[in-house]
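The values are calculated or read from the model by the stated rules, or taken from the named source; none is laboratory data. These numbers were taken from a predicted model, which means no experiment stands behind them. With ideal geometry, Cβ positions are generated from the backbone for all residues, glycine too; neighbour counts draw on all protein chains shown.
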Amino acid sequence: MTDGPALRLSNVGLTFPRRRGIRALFGGRQSTDFVALEGIDLEVKRGEVLGVIGRNGSGKSTMLRVMAGVFSPDVGEAKASGRVSLLASLGTGFAGHLTGRENAMLYGSVLGRSREQMLELMNGIIEFSELHDFIDEPLRTYSSGMRARLGLAVVSALDPDILLIDEVLGVGDPVFKEKSKKKILDMVGGAGTVVLVSHSFGLMTSICDRIVHMKGGHIDFVGEPQEAISAYYRSEGVDPEVSE
Amino acid sequence: MRREVRGRFKNAYLGYAWTVIEPAMLAVVYYFLFSLLSGNDDILYAVWVLIGVIVWSCFGKTLQATVGSLTRNASMIHLVHFPRAIFPLTSTVSNIILSLLSSLVVLPLLVVFDVSVTWRLVFVPMAIGLAAAQAIGLGMLLAPFNCVQQDVEHMVRFIVRAGFFLSPVMWTWEMAVERGGLYADIILINPMVLPITLARHGFEGTPLDMGPEALVFCFAWTVVMWVIGSMVFASKERGAVKHL
């Protein structure tokens, strides 16, 4: 593995076409396009936990998807060194009619793990997710917390170099949140890198090394967790003492 | 990635039996409908229709599956980045396998109608492969556009329905040629005439009596569609997934 940052976004811009119709796939950028990300410059160091905060629709999830390679930026460059796993909100990418176990196998195979490797990891996944017998029930019967537990159990068992978590921990109960926190810190201890989007500021301040505050598709502030949270409240004109 | 194909099949285990049961029951219906009621003097007519249906539905199902392959897997696509051509490819491979299973139903029919088995029986799987190859080219061409406008899917459904009648499914190429007229002259423009007729000759064990220009045209059309379809898919897929 090379030195240097785990993730680097340089001047990344991404627009979503608003125009419908077949012609939307032809021609360049339109003035009506929605600018989701603009001028994003960000480096995530190896072994770092980076938090991302911002209002709904400020581009947090889109940025994570660019990091994961799901969207390729229209301008600029996104580079990740190592295997990236994205854990997105509420079991995206999982199939409701399959059981938890089948979903875990499917997810593993999509990420290029063999059947044997996944079978080895399965006990750990079941234990960490605390799903017990539920692992063989269809996913559609799961609560949102159970899905989050399964999701985190699967992706952390796959041991990615870079783990991107998009507002998943918020739905877990306090006990699970503590467990996830420990898991994330373990990962970072083992030279993993974590990027975490969340609205749980308490959790964020306790585990993040730095926090990014995003606003309107731009990076508004990057730095110490407390300062980033202050920047968030300041930019929204809300007094944190009153709102909490 | 073959693992994903296997994973998909595992969940359609009951479907396996149906792929043989359905055409077998259809064969009985066709037998009564055509041989007894309409008084057609060709006792194999029901078999011709059955083979036509199997080959045509391989084309139709593959086309519909590849066109919808990106939209159906939207949640997976939003989660992990891997070559997205996997989606149309897995749909095609699974349809080829299912059609091959369906075509097993012609084996007992060989005995029932006392047709001798010849090496030309390999024409049947060849025809199925050819039908699927034609479908995937067109399907990959249309799949990115289907992400933007799902009208594409509806249009494709119409093409599959109309093509059922415009192709020699309920009739045979020989019948059209015998009757003559305008459609007999231009019939070879329809690239599905060859695979269906090929499969029928394979069953009967007689050589294909089409001119070389028909073979050349059919193969050229298949290859050209493959090339165009893959090129369009590769260049438009990045923009298209933003619409999912």
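Overview of results
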{"read-out": "Considering residues of region B:107-137 that are crowded, with 22+ Cβ neighbours inside 10 Å and out of contact with any Cys (no Cβ under 6 Å at 6 or more places or on another chain) only, the residue farthest from the other protein chains (Cβ to nearest Cβ)", "value": "B:PHE123"}
{"read-out": "Residue selected from region A:103-148 under the condition β-branched (Val, Ile, Thr) and more than 14 Å from every other protein chain (Cβ to nearest Cβ), by the criterion nearest to the chain's Cα centre (by Cα)", "value": "A:ILE125"}
{"read-out": "Of residues in region A:185-225 being outside any strand (DSSP E or B) and in contact with a Ser or Thr (Cβ under 8 Å, 6 or more places away or on another chain), the one modelled with the lowest pLDDT", "value": "A:MET187"}
{"read-out": "Which listed residue is assigned to a helix (DSSP H, G or I), without any contact (Cβ under 8 Å) to a residue 24 or more places away in the chain and over 13 Å from the mean Cα position of the chain (by Cα), from B:MET155, B:MET140", "value": "B:MET155"}
{"read-out": "Which numbered condition B:ALA176 misses (of (1) of a type in the set (A, V, I, L, M, F, W, C); (2) free of Cβ contacts under 8 Å to residues at least 12 places away in the same chain; (3) within 30 Å of B:LEU70 (Cβ to Cβ); (4) surrounded by 12 or more Cβ atoms within 10 Å (Cβ to Cβ))", "value": "(3)"}
{"read-out": "Hey, B:THR71 modelled with pLDDT of 75 or more, away from every other protein chain (no Cβ under 13 Å), within 20 Å of the chain's Cα centre (by Cα) and closer than 25 Å to A:GLY112 by Cα or not", "value": "no"}
{"read-out": "Residue in region A:139-155 that is of a type outside the set (Gly, Ala, Ser) and in a strand (DSSP E or B) present", "value": "no"}
{"read-out": "Qualifying positions in region A:69-88 - facing chain B (nearest Cβ under 9 Å) and in a strand (DSSP E or B)", "value": "A:VAL84, A:SER85, A:LEU86, A:LEU87"}
{"read-out": "One residue from A:GLY217, A:GLY151, A:GLY170, A:GLY189 being assigned by TED's automatic domain parsing to the domain that holds A:GLY69 and surrounded by 20 or more Cβ atoms within 10 Å (Cβ to Cβ)", "value": "A:GLY217"}
{"read-out": "Complete set of residues in region B:79-103 that are closer than 18 Å to B:PHE123 by Cβ and either surrounded by 18 or more Cβ atoms within 10 Å (Cβ to Cβ) or within 14 Å of chain A (Cβ to nearest Cβ) (or both)", "value": "B:ILE96, B:SER99, B:SER102, B:SER103"}
{"read-out": "Lone unmet requirement of (1) outside the structural domain of A:ALA36 (by TED's automatic domain parsing); (2) assigned to a helix (DSSP H, G or I) for A:ARG113", "value": "(2)"}
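To keep it simple, each residue is scored yes or no on (1) of a type in the set (S, T, N, Q); (2) part of a helix (DSSP H, G or I); (3) at pLDDT 85 or above; (4) over 23 Å from A:ASN103 (Cβ atoms).
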| position | (1), (2), (3), (4) |
| --- | --- |
| B:MET76 | no, yes, no, no |
| B:VAL80 | no, no, no, no |
| B:PHE87 | no, yes, yes, no |
| B:VAL93 | no, yes, yes, no |
| B:ILE96 | no, yes, yes, yes |
| B:SER102 | yes, yes, yes, yes |
| B:ARG120 | no, yes, yes, yes |
